[in-house]
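Here's the structure we're looking at; comments come further down.
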Amino acid sequence: MMGRSRHFFVLTPHEDLRQTVLGWWPATEVRWTVFPSGRQALEELLAAPPDLVLVDARLPDMSGFEVVRLIKSENVYRQVPVVVVVDDAGCLQGRDLAALELDDFLVRPLRPVESAVRVLLAYHRAARELDANPLTKLPGNTSIIHRIQDLIERREDFALGYVDLDFFKAFNDAYGFARGDEVLLMTARVLVNSVRGYVQGIQFVGHVGGDDFVFIVPEAEVEGVCQRIIAHFDAIVPSFYDPEDRERGTLLSVDRQGRQQEFPIMAISIAVVFNRGGQLQHFGDASARAMELKKLAKKNPRSTYVLDQRS
Amino acid sequence: MPETDLRTEYQGRLLAVKELPSLPAVLEEVNALVENPNSSTEQISKVIAKDQVLSAKVLKMVNSPIYGFPGRISSIQHALVLLGFNVIRGIIISTTVFDAMNTAMVGLWEHSQGCAIASSTVARVIGCKDPEEYAVAGLLHDIGKVVVAVQMPEAKQSIDELVRQEDLRYIQAEQRVLGFAHDRVNLWMCNHWNLPPNLKEALAYHHKPMSASLYPKMAQVVHLADFLTRLYEVGSGGDDQVSALDPQVLRALGITAGAWEELLRQVEEAFAEL
């Protein structure tokens with residue numbers, strides 16, 4: 001039925017729920033790890049995420065929804081499907097379900113066949129998650145375009161940052177793709193954590209592909225976000241070079257013409273486009289304008305951001 | 001993740017990769033900062049850097065394969081940026097407070113803090129880049145002692161007795177009881193936690209720094225800092241002797257007689273602020 005064996009977590013203090021789920025599938029198909037409280041499960045969750053989490057809304061030490069929020073707000077754990085067990089579906093009403101990103105829920109008393117099937121479906125649905133960037137798990141192009149187009153149509157003001165790395169190709173050529181991927185994963189974390197936690201209002205980070213990323217924040221916040229991204233990236237990126245290159249401050253690699261050349265340590269360039277008073281008509285307007293600005297940002301070999309000055 | 005335990009010669013018992021203790025005061029302080037949206041990563045990393053166990057956990061997490069860049073990050077502040085407050089909060093919530101640690105190893109916390117400060121001072125005086133990374137190595141240099149004290153309290157008692165009865169250094173007593181000492185435990189933990197090679201070598205070679213092959217400088221600095229911390233009697237590393245200073249280390253670090261006096265003055269000043 002399921003190919004290889006899956007590892008699911010169940011977080012519940014209740015013996016009856018534990019007994020029920022353990023009876024759903026043979027242990028050769030699904031291996032369950034049981035945690036009686038949220039606290040005990042958290043470290044395991046963060047260190048070795050399972051294939052699915054079934055969480056009791058009634059945990060002794062925290063709300064089951066708090067566990068959902070923690071998992072779903074981190075790009076590296078977000079793909080793990082989470083199903084909540086509630087006493088009454090009414091407790092889901094009025095919650096912001098789009099933000100919660102809950103995969104499914106079960107209501108007590110659990111119906112034997114239906115419950116097992118729904119949990120399995122949640123697992124498969126998550127496995128089909130197509131749009132996420134396979135490397136960083138950040139939302140990909142489809143989500144990015146939808147998000148921008150939606151904001152444009154609702155005539156909402158926003159700042160859209162296009163991010164890419166300078167001298168990434170030289171790094172990739174010199175150290176190989178695996179090392180390049182490490183830098184992309186680091187960049188994703190820097191973007192996520194430079195946007196989130198500081199910004200009030202709209203916030204979004206997406207991965208277009210390769211070393212191209214986007215973020216969306218309110219207009220008033222965008223300069224602070226750009227400065228934070230640059231400070232964090234510049235501080236951390238030297239750790240990804242070999243000690244002798246880091247010491248020298250340059251990397252020996254071949255340029256696009258195949259000639260041996262010295263390249264600076266990677267930098268990050270950001271081009272920011274604004275939507276003020278509904279001036280953008282279409283997603284294409286935003287990306288075309290951003291490409292022009294990016295050329296400006298690229299003239300500086302150091303990390304830099306350029307704001308669209310067009311009024 | 002497969003967990004490989006470390007077999008000791010103490011009744012053939014194993015050191016297990018499992019929950020390590022942490023100190024309550026630091027946890028509360030970090031928690032308060034993390035809850036406050038106006039806190040900076042600098043503030044939080046300074047507090048975390050005071051606690052060896054929490055520091056180790058944060059570095060372990062950011063260097064785990066889940067994040068995709070194992071063995072790259074050795075700065076607490078960089079780790080905070082990459083993990084984000086959400087994950088830090090998760091690490092703190094999951095860290096069980098283990099009051100027994102203070103009694104298990106009296107004075108080790110102060111010794112570790114002293115060694116951290118001495119390491120960054122030495123690094124700064126001899127002109128190393130990123131002296132704060134040296135502080136992390138100094139802070140964690142004796143973490144292997146904590147692991148043994150917490151997981152095998154009876155073995156820890158035998159070590160203490162040997163130190164008292166035969167006037168041995170702690171490291172010699174460890175070798176007699178376990179078949180190896182905390183530097184070996186450090187190496188095992190660093191491997192299991194994917195810590196970067198510079199930290200790994202500093203932790204595993206701080207007693208024989210000239211044998212470190214990749215990053216001898218960090219091991220040499222921690223070796224010297226450990227010596228200075230014991231010389232000035234900051235905290236206790238488990239015995240009351242001054243550790244042996246390898247004279248080759250001073251030469252390797254380029255510390256002349258004049259620089260030595262300046263170094264002592266600065267370390268003394270730094271200790272005074274503890």
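Where a number appears in this text, it was derived from the coordinates with a stated rule and is not lab data. Keep in mind the model is a prediction, meaning the values are calculated, not measured. Don't worry about glycine lacking a Cβ; one is built from the backbone with ideal geometry, like all the others, and counts go over all protein chains shown.
Test of understanding: express the Cα radius of gyration of the stretch A:35-80 as a ratio to 2.2 N^0.38 Å, with N the residue count. It would help to have the intermediate numbers written out before the result.
On the way: Rg = 9.8 Å, N = 46, 2.2 N^0.38 = 9.4 Å.
That ratio works out to 1.04.
Largest first, the three principal axis extents of the alpha carbons in the stretch B:210-274 are 32, 30, 17 Å in whole numbers. Around the amide H of A:ILE268, modelled in the peptide plane, lie the amide H atoms of A:ASP166, A:SER303, A:THR304, all under 5 Å away and 5 or more residues distant in sequence or on another chain.
Please give the average number of partner chain Cβ atoms lying within 10 Å of the Cβ of each residue in A:38-50, rounded to a whole number. Intermediate values should be presented prior to the final figure.
On the way: counts 2, 5, 3, 1, 8, 9, 1, 2, 9, 8, 4, 1, 0.
Per residue, the number of nearby Cβ atoms from other chains is 4 on average.
Only helices enter this figure: runs of n ≥ 4 DSSP H residues, each worth -39500 (n - 2.57), summed and divided by the residues of chain A, yield -12000 deg cm²/dmol at 222 nm to the nearest 500. Taking every residue in B:57-68 and counting other chain Cβ atoms within 10 Å of its Cβ, the average works out to 3.
For the protein assembly as shown, a simple Cβ point-charge model (Lys and Arg +1, Asp and Glu -1, everything else neutral) yields a dipole of about 1440 debye relative to the Cα centre.
Between the DSSP loop rule and a limit of at most 13 other Cβ atoms within 10 Å, which chymotrypsin sites (Phe, Trp or Tyr not before Pro) in the stretch A:221-311 are left? Spell out each step's value before the answer.
Values: sites: A:PHE233, A:PHE240, A:TYR241, A:PHE274, A:PHE283, A:TYR305; in loops: A:TYR241.
In loop regions of the stretch A:221-311 (DSSP not H, G, I, E or B), there are no sparsely surrounded chymotrypsin sites (Phe, Trp or Tyr not before Pro).
Once you average over the residues of A:101-109, how many Cβ atoms of partner chains fall within 10 Å of each Cβ?
Partner-chain Cβ atoms within 10 Å, mean over residues of A:101-109: 0.
Taken as Cα centroids, the stretch A:83-126 and the stretch A:220-252 sit 42 Å apart, rounded to the nearest whole angstrom. Out of every Cα-Cα pair that chain B contains, those further apart than 25 angstrom amount to 43 percent.
Report the longest stretch of chain A that contains none of the trypsin sites (Lys or Arg not before Pro) sitting in a DSSP loop with at most 14 other Cβ atoms within 10 Å. Present the calculation step by step, with values, prior to reporting the outcome.
Numbers: sites that count: A:ARG4, A:ARG95, A:ARG128, A:ARG154, A:ARG155, A:ARG256, A:ARG259, A:ARG276, A:LYS299, A:ARG302, A:ARG310.
Free of exposed loop sites, the longest segment is A:156-255.
Short to long, the 5 Å bins of the Cα pair-distance histogram for the stretch B:105-189 hold 3, 15, 21, 21, 17, 11, 7, 4, 1 percent of all pairs.
Note that the stretch B:197-242 shows a convex hull volume over its alpha carbon atoms of 66 Å³ per residue.
Entry note, chain B: the mean residue ellipticity at 222 nm calculated from DSSP H runs of n ≥ 4, each adding -39500 (n - 2.57), is -19000 deg cm²/dmol after division by the residues and rounding to the nearest 500. P(r) for the stretch A:224-274, from all Cα pairs and a bin width of 5 Å, is 4, 17, 21, 18, 16, 13, 7, 3, 0 %, short bins first. Grouping the Cα pair distances of the stretch A:141-307 into 10 Å bins from zero gives a pair-distance distribution of 10, 38, 33, 14, 4, 0 percent in increasing distance order.
Averaged over all directions, how much area does the convex hull of the C-alpha atoms of the protein assembly as shown cover when projected, in nm²? Before the final figure, lay out the partial values.
Working: hull surface 122.9 nm².
Its Cα hull, projected and averaged over all orientations, spans 30.7 nm².
Ranked from largest, the principal axis spans of the Cα set of the stretch B:144-250 equal 37, 32, 22 Å. The tail of the calculated P(r) for chain A beyond 38 Å holds 28 percent of all Cα-Cα pairs. Note on the stretch A:6-128: semi-axes of the ellipsoid equivalent to its C-alpha gyration tensor, largest first and rounded to whole Å, are 19, 17, 15.
What fraction, in whole percent, of alpha-carbon pairs in the stretch A:93-193 exceed 15 Å separation? Present the calculation step by step, with values, prior to reporting the outcome.
Numbers: 3907 of 5050 pairs.
It works out to 77 percent of all Cα pairs.
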